[in-house]
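Here is the structure we will look at.
The values are calculated or read from the model by the stated rules, or taken from the named source; none is laboratory data. In this text, all values refer to a predicted model and were calculated from it rather than measured experimentally. No Cβ is skipped: glycine too gets one built from the backbone with ideal geometry, and neighbour counts run over all protein chains shown. Side chains are part of the model used for accessible areas, which takes the heavy atoms of the whole protein and leaves out ligands, DNA and RNA. Shrake-Rupley method; radii C 1.70, N 1.55, O 1.52, S 1.80 Å.
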Amino acid sequence: MTTQTPRTARPLGATGPQVFPLGLGCMGMSALYGHADRAESIATIHAALEAGVTLLDTGDFYGMGHNEMLIGEALRSAPAARREQALTSVKFGALRGPDGSWTGYDGRPAAVKTFAAYSLQRLGVDHIDVYRIARLDPDVPIEETVGAITDLIEQGYVRHVGLSEVGAETIRRAAATAPIADLQIEYSLISRGVEESILPTTRELGISVTAYGVLSRGLISGHLGRDRRFAADDFRQHSPRFQGENLQHNLDLVEALRKVAEQKDVSVAQLAIAWVLSRGDDIVPLIGARTRERLAESLGALDVVLDAADLAVIEEAVPAGAAAGGRYAEAQLAHLDSER
């Protein structure tokens, strides 16, 4: 565990690239959190690259391809030097209907290669830096899915294999098939299940973690009011942690965290991100900023130094397991190999 958050690069596993210590999660620019402004989204990607951010994370199913096309547009309009520093991390395999419904996951080798072909076109790149199935396909052995990605690596279309939301056993099976750069999984002050068996496994195998949900979808950002109402197309309208008494309980935790943040003269969001950064140099938090203002705030977490006393106070304010409600609804949790 580290006690400070320098701006030095962090590795994605033993064989992956060095990346800026924060990545930019681009999903919210296209889906699941209500309306996002296209021009501001592109400006935010440009600002992130200008600040030194290298890893841009997306999924081919975010807005049914919209997010990849958005990133492609941002890369085309960025200065050449910034465009060249960008590394793309892409999730695939989630199946959706025309109405936006979720219909399962497909990890068959032929499907993997088809998904990649479309992503390369939408992103406007000749290779994807890290490629991963979004959720384990229960009908396809992980060895077959990873093997298909390895074929793409041999053909020059992908650089590294990643994983997403899988448990320790699946991680071991995947790593026995090919070198794994990173596991993408939710990790925050109020989502710490990864610490039990998954994080020890990734560390044993030399695999990094790209942590999403570090602000728990805005819940522990310090910006969410108790009377906040969400749009019908906002994921949080149906998320257990944002419902009724659960929300009120969780916002009480945020107020406890706010007191700690005020003592350090930082924002709640900066403190929460700095805590994830402090968990180790093999952790790369993905910040889901949709505006340049939120991006600037998040980047400020890199200047927050947490010593042992700070970490103890944070732990007291928000103990492990303190959150009310699951991180997903039960139907969605059923698709997470990491929760089994």
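Between 7, 38, the distinction of being in contact (Cβ under 8 Å) with a residue 24 or more places away in the chain, more than 22 Å from residue 118 (Cβ to Cβ), open to solvent by 40 Å² or more (accessible area, probe 1.4 Å) and basic (Lys, Arg) belongs to 7 only.
Just wondering, is there one or more residues in segment 100-111 that are modelled with pLDDT under 95, assigned to a loop (DSSP other than H, G, I, E, B), more than 30 Å from residue 168 (Cβ to Cβ) and not basic (Lys, Arg)? The answer is yes, given that some residue of segment 100-111 is modelled with pLDDT under 95, assigned to a loop (DSSP other than H, G, I, E, B), more than 30 Å from residue 168 (Cβ to Cβ) and not basic (Lys, Arg).
Is it true that some residue in segment 210-227 is touching a residue at least 24 places away in the same chain (Cβ under 8 Å) and either part of a helix (DSSP H, G or I) or in contact with a Pro (Cβ under 6 Å, 6 or more places away or on another chain) (or both)? Yes: segment 210-227 contains one or more residues that are touching a residue at least 24 places away in the same chain (Cβ under 8 Å) and either part of a helix (DSSP H, G or I) or in contact with a Pro (Cβ under 6 Å, 6 or more places away or on another chain) (or both). Residues considered: 213, 167. Of these, the only one that is touching a Leu at 6+ places or on another chain (Cβ under 9 Å), surrounded by 16 or more Cβ atoms within 10 Å (Cβ to Cβ) and on the phi > 0 side of the Ramachandran plot is 213.
Quick grid of which residues meet (1) surrounded by fewer than 18 Cβ atoms within 10 Å (Cβ to Cβ); (2) basic (Lys, Arg); (3) more than 19 Å from residue 29 (Cα to Cα); (4) out of contact with any His (no Cβ under 7 Å at 6 or more places or on another chain):
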{"position": "186", "(1), (2), (3), (4)": "no, no, no, yes"}
{"position": "190", "(1), (2), (3), (4)": "no, no, yes, yes"}
{"position": "201", "(1), (2), (3), (4)": "no, no, yes, yes"}
{"position": "205", "(1), (2), (3), (4)": "no, no, yes, yes"}
{"position": "209", "(1), (2), (3), (4)": "no, no, yes, yes"}
{"position": "217", "(1), (2), (3), (4)": "no, yes, no, yes"}
{"position": "226", "(1), (2), (3), (4)": "yes, yes, yes, yes"}
{"position": "236", "(1), (2), (3), (4)": "no, yes, no, yes"}
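For segment 57-87, the candidate set comprises residues that are open to solvent by 40 Å² or more (accessible area, probe 1.4 Å) and assigned to a loop (DSSP other than H, G, I, E, B); within that set, the residue that is nearest to residue 185 (Cα to Cα) is 64. One residue stands out among those in segment 100-146 that are open to solvent by 70 Å² or more (accessible area, probe 1.4 Å) and among the basic types (Lys, Arg): the one that is farthest from residue 24 (Cα to Cα), which is 108.
For segment 294-319, the set of residues classified as within 20 Å of residue 219 (Cβ to Cβ), open to solvent by less than 60 Å² (accessible area, probe 1.4 Å) and either part of a loop (DSSP other than H, G, I, E, B) or charged (D, E, K, R) (or both) consists of 297, 304, 318, 319, listed by residue number. Report, by residue number, each residue of segment 43-59 that is over 16 Å from residue 10 (Cβ atoms) and of a type in the set (S, T, N, Q). Correct list: 44, 58. Within segment 65-87, the residues that satisfy the criterion of being among the hydrophobic types (A, V, I, L, M, F, W, C) and over 19 Å from residue 164 (Cα atoms) are 69, 70, 71, 74, 75, 78, 80, 81, 86.
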